[in-house]
Amino acid sequence: MPALFTPPPAPAHPGAAVAPAEPLAVLNLSPDLGPAEEHLLRLCATLHRAAQPVQLVAAASSSLAHHAAGLLPVQPLPDRGPGRVPRAAWLLARWLHRQRIGALLVARAADLPVAGAAKLLLGGRLRLLFRQHEPLRTAAPAGWWARQWRRPLDAWLAPLPGTARAVEARTGLEARRLWVVPPGLPAAARRVGAAAPAEARRLLDLPAQPPLLGVADDGLSGFFALEVLHRLRTELGLEAGLVIVGHPQTPPHAARWQQLRQHAYALQLHHCVYLRPFHLPEPGGLLFPALDALLAPAALDDYDSLLLAALAAGCPVVAAEGAAAADFPGLQHLYPAGDVTFCALQTRTVLQTARRAAPSPQLVTYFSAAQEGQLLTDILHYLAS
């Protein structure tokens, strides 16, 4: 794997003083509790266990604030109303000043305007870090205003080396402000392989016998998967089924699901396609044990939390090639993005093998919550010095 952030050198001699951890505030104003927010709660818990003082700043009426209550200190901010960004920035800057907090971690690109304005109000004295968990197109939109709100950043924490290279190319951010901090897997991810596939299929109302390919539809992936299934059944002679679920980053849309259903009928696949338009559960859920393989049609030029969760669950993955493919330990079955024929051949090989694997020790180590917390703590110390 590519080298990660190297922490500052240790004290020159034993007994030299080590600066205590400075308080850290974490900002997330999302009204909902999605995968990024659940990851943020795990990260805060890891930092808290490592004696890193951390406080969460969340929207007053958000699910995140509700779930975090009792776990760590929560500072509410207004999440609606006229002048929301200026008012939230002023309240945030005043609170940070009173609490004497000099570092702020932002977990959503949408919150950078509030964080950047707060830093401006504090005279630039705030150290501002962005923890990327979103796809690059969401984390780094191309608009002029988005570029302005990225300027105050002291550190951009990318989840993968390939993603960091893409961030540098897309945003022009200086390399000295880019860090690679792999996200920590939830503890439940290592136990998914123990779930019984037959029971998982029964609870999801899926057939017990044919091999099942799964895909998370993001607007295009479902249609691509239907074409792959058509090739598998008509040209390669493999009686397989397809489970289409909702992608964590894409809200459910009734019209799109109706179009998928119509396309399945047009290809005469309606009897072996199973639509489950719910948002994907955490890796401790039932989806991955029920599948024989997961199809990832989007080119792997970015971090994909769904793909990582599948690998952690021991579910084989057939993925489109991309710049970040080498950053996923255990990813073996690749095909050129958009190539239906080659994808169908790779998928047939995986489905005929029908062998699940335990997560590689390299994956579990590289994507560990403890490492993520330690790297973030080291970066905070480095920026403070």
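Using the Cβ-Cβ distance between Gln259 and Gln352 with R0 = 22 Å, the FRET efficiency computed as 1/(1 + (r/R0)^6) comes to roughly 0.10.
Taking a sphere under 14 Å around the Cβ of Ala107 and counting the other residues whose Cβ falls inside, with K and R at +1 and D and E at -1, yields a net charge of -3.
Run the helix sum for the chain: -39,500 (n - 2.57) per DSSP H stretch of 4+ residues, divided by residue count, reported at 222 nm to the nearest 500 deg cm²/dmol. The per-residue figure over the chain is -11500 deg cm²/dmol. Only Cα pairs under 8 Å and 6+ residues apart enter the sum, and on that basis the relative contact order of the chain stands at 16 percent.
Of the peptides 167-176, 102-111, the ranking by mean beta-carbon count within 10 Å, highest at the top, reads 102-111, 167-176. In a reduced charge model with +1 at each Lys and Arg Cβ and -1 at each Asp and Glu Cβ, the chain shows a dipole moment near 1020 debye about its Cα centre. Between Trp95 and Arg49, the modelled label-to-label distance comes to 2.6 nm, taking each label 7 Å out from Cα in the direction of the beta carbon.
So, for segment 188-360, what is the accessible surface per residue at a probe of 1.4 Å, expressed in square angstrom?
43
Per-residue accessible area (protein heavy atoms, 1.4 Å probe) orders His333, His271 as His271, His333, starting from the largest. Share of carbon and sulfur in the accessible area of the chain stands at 56%, probe radius 1.4 Å. Name the shape class, rounded, prolate or oblate, that the alpha-carbon gyration tensor gives for segment 314-373, where a ≥ b ≥ c are the square roots of its eigenvalues, rounded holds for a/c under 1.5, and otherwise prolate holds if a/b is larger than b/c and oblate otherwise. Here segment 314-373 falls in the oblate category. Multiplying the residue separation of Glu321 and Ser61 by 0.36 nm and removing their Cα-Cα distance gives an extension gain of 89.5 nm. Here the gap between Ala266 and Ala69, fully extended at 0.36 nm per residue and compared with their Cα-Cα distance, gives a gain of 65.9 nm. Among rounded, prolate and oblate, which fits segment 188-360 when a ≥ b ≥ c are the square roots of the eigenvalues of its C-alpha gyration tensor, a/c under 1.5 means rounded, and a/b larger than b/c means prolate? Cα axes put segment 188-360 in the rounded bin.
The values are calculated or read from the model by the stated rules, or taken from the named source; none is laboratory data. None of the values given here were measured: they were computed from a predicted structure. Here the Cβ is made from the backbone with ideal geometry for all residues, glycine too, and neighbour counts use every protein chain on show. The protein model used for the area step is the full one, side chains on, heavy atoms only, and it has no ligands, DNA or RNA in it. Shrake-Rupley method; radii C 1.70, N 1.55, O 1.52, S 1.80 Å.
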